[in-house]
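Everything below concerns the one structure shown next.
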Amino acid sequence: TVDTLKERAGLMRESMQRTQSITDTMVVTLGSFDHRLSSLETAMRPTQLKTHSIRRAHENIDKSLKAAEVILGQFDLSRQAEAKILRGPHEDLESYLQAVDQLRSIVRFFSGTKGFKSGTGVVNQANTLLGKAIFKLEEEFRQLLVSNSKPVEPDRLLDCLPSSMRPSSSGSPNDSDVSEKKSSENQHKAMENIVYQLPVLIPDRLLPLLHEMSHQLIQADHRQQVFNIYREARISAVEHTLRKLGVERLGKEDVQKMQWEVLEAKIGNWIHFMRISVKLLFAAEKKVCDAIFEGDENVGDQCFAEVTSNSVSVLLSFGEAIAKSKRSPEKLFVLLDMYEVMRELHSEVLIIFATKVCSEIREAFVVLSKKLAQTAQETFGDFEEAVEKDATKTAVLDGTVHPLTSYVINYVKFLFDYHSTLQQLFIEFHNGDADKQLASITTRIMQGLQANLDGKSKQYKDPALTQLFLMNNIHYIVRSVRRSEAKDLLGDDWVQIHRRVVQQHANQYKRVAWSKILQCLTIQGNQSFGDSVSTAGVSRAMVKDRLKTFNVLFEEIHQRQSQWTVPDTELRESLRLAVAEVLLPAYRSFVRRFGPMIESGKNPQKYIRYSPEDLDRMLAEFFEGKTWNEPKR
């Protein structure tokens, strides 16, 4: 076994020696390869360097060729641009604008290209050409803007209004629904939602071209020239448009000289002109300005302010003249109309004239609105005082409703058509509930009117006519209040109290007018129609005298009071009935008791001239305002 192991160990030792020999041989062989490769690399290095240099040379050549191509391309663009510039902008404006852009691009290219000896010359040439191009572009901008800035004809402006706000075919704007007062709040709110169609001031197709032209000119530092051109062209168009419409500058002195009818018509027109100017003309001008100067807002804002400021001043001058002119009651409603349109336009003014440079225009609108409100407020106070102190001596001979009463009541009723406007006005000048303010003023006006009527009633010599006059006028007031919005403010208690006042005056009339004649139908202090009255102790002469006096008095009353007037049918019939209910029974009773004493004598018809039916028929003629040959009393 040991021998076997020894034998195997020997074999293994021989094998390992052979392996080591092979390994040594491989190391020598690989070392030889490494030496050869190193020699080969040394031999190839010059070739590699040459190849790299060639590749870099090729790359540089490619870059140079491409740079040359770009430069040559710029020269080609320059020649193309020059040709377009020399032809001018009139034939093909879009191509001309592209050429200007190309020149700017060429200047930027060569200004940023270093080492190109001819670059400076090219830049100078391009700048010279660009200067000529801008000059021609400025002239084209002027020509295009001026030729398309024509005044808008009034008919075209009116066509832009909603159909409900256009004047009638035969009338001025003052005849249209615009100037008529709205009778409800719903109609007033509907007005605010009406959409206006803006007029075309400059054709839409030209706006992009004008925008590009203005932008190019502003880029070329021609900002002031653009401003001047736009201002001159558009100011002329806007102001001429307003003149054609009928807008004129009027001052306080002009207003003071006008007859009221003329002034009222001009105020109606002014309200119409304000809506057209703000909602149509200025809004359209703002749209044009924004389109042309998009991206150059500072210039655009200044242009718009400059174009519209004088026109706004002319429009507002009339409103200022009215606000400063002498106050009178009839001006209150036109002042409220003017104040209302200023309120209506307020939000649009804030939008259209929103920029900083338009701040003075916005402020002018606000100032006028406040002036109109203040003048309306003062006129309201003047009216209240004028009602109480009205000293007109014109008496209504027939005792009917006095013109002052109908004027004041119509005035108050008309005020309630301006309910929302008055609320706004009171809120602006007073703290608290606007309706309470209106109720308080209305009450004071009514009190002033009644006090004045009391004074006027004393002009009558006949106390019966005094009572009839007061009855008629207070009844007219109560009936008018009941049928108007004033009832909601004054309240039912006010109405009931004044209805009782009417009845009191009616009762006073009956007492004053008929007590004397009724006394003719009594004998020895007893009523003639009492069943207990006897003919004993009554002479025929006494009866004749009473009947004769009755006839004279009744005929006088009939002639006089048939000239008096109770204009309200229901009140007139009621008053006649009240008289008949007192007079006719007394007359029937008197004639029944004492008539036989007269009928048995001569000429009984001389004393018993009227039957009860005759009296009733004649009473039906009372208060009709008939005219007799003899003067009224």
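Where helices (runs of 4 or more DSSP H) sit wholly within segment 443-531, those with at least 1 residues that are among the polar types (S, T, N, Q) and under 38 Å from the mean Cα position of the chain (by Cα) occupy 463-482.
When residue 467 is tested against (1) open to solvent by less than 10 Å² (accessible area, probe 1.4 Å); (2) within 20 Å of residue 507 (Cα to Cα); (3) not charged (D, E, K, R), just one condition goes unmet, and that condition is (1). Test residue 452 against the criterion of being touching a residue at least 40 places away in the same chain (Cβ under 8 Å), in contact with a strand residue (DSSP E or B) (Cβ under 8 Å, 6 or more places away or on another chain), buried (at least 21 other Cβ atoms within 10 Å of the Cβ) and assigned by the TED database to the domain that holds residue 392, and give yes or no. Judged against the criteria, residue 452 is not a match. Looking only at residues of segment 286-300 that are assigned to a helix (DSSP H, G or I) and surrounded by fewer than 20 Cβ atoms within 10 Å (Cβ to Cβ), we find that the one that is nearest to the chain's Cα centre (by Cα) is 287.
Given the structure, is residue 575 touching a residue at least 60 places away in the same chain (Cβ under 8 Å), closer than 18 Å to residue 464 by Cβ and surrounded by 15 or more Cβ atoms within 10 Å (Cβ to Cβ)? Write out each step before concluding.
Values: touching a residue at least 60 places away in the same chain (Cβ under 8 Å): yes; closer than 18 Å to residue 464 by Cβ: yes; surrounded by 15 or more Cβ atoms within 10 Å (Cβ to Cβ): yes.
Answer is yes for this residue.
Of all residues in segment 311-363, those being surrounded by 20 or more Cβ atoms within 10 Å (Cβ to Cβ) and not in a helix (DSSP H, G or I) number 1.
From the residues in segment 426-446 that are free of Cβ contacts under 8 Å to residues at least 12 places away in the same chain and on the phi < 0 side of the Ramachandran plot, which one is surrounded by the most Cβ atoms within 10 Å (Cβ to Cβ)? Even if it seems obvious, please write down each step before you answer.
In the first step, residues of segment 426-446 are kept if they are free of Cβ contacts under 8 Å to residues at least 12 places away in the same chain; the result is 427, 430-433, 436-437, 440.
Adding the requirement that they be on the phi < 0 side of the Ramachandran plot leaves 427, 430-431, 433, 436-437, 440.
Values: 427: 13, 430: 12, 431: 7, 433: 13, 436: 12, 437: 18, 440: 12.
Checking each candidate, the answer is 437.
The values are calculated or read from the model by the stated rules, or taken from the named source; none is laboratory data. Please read all numbers here as calculations on a predicted model, not as lab measurements. With ideal geometry, Cβ positions are generated from the backbone for all residues, glycine too; neighbour counts draw on all protein chains shown. Heavy atoms of the whole protein, side chains included, go into the accessibility calculation; ligands, DNA and RNA do not. Shrake-Rupley method; radii C 1.70, N 1.55, O 1.52, S 1.80 Å.
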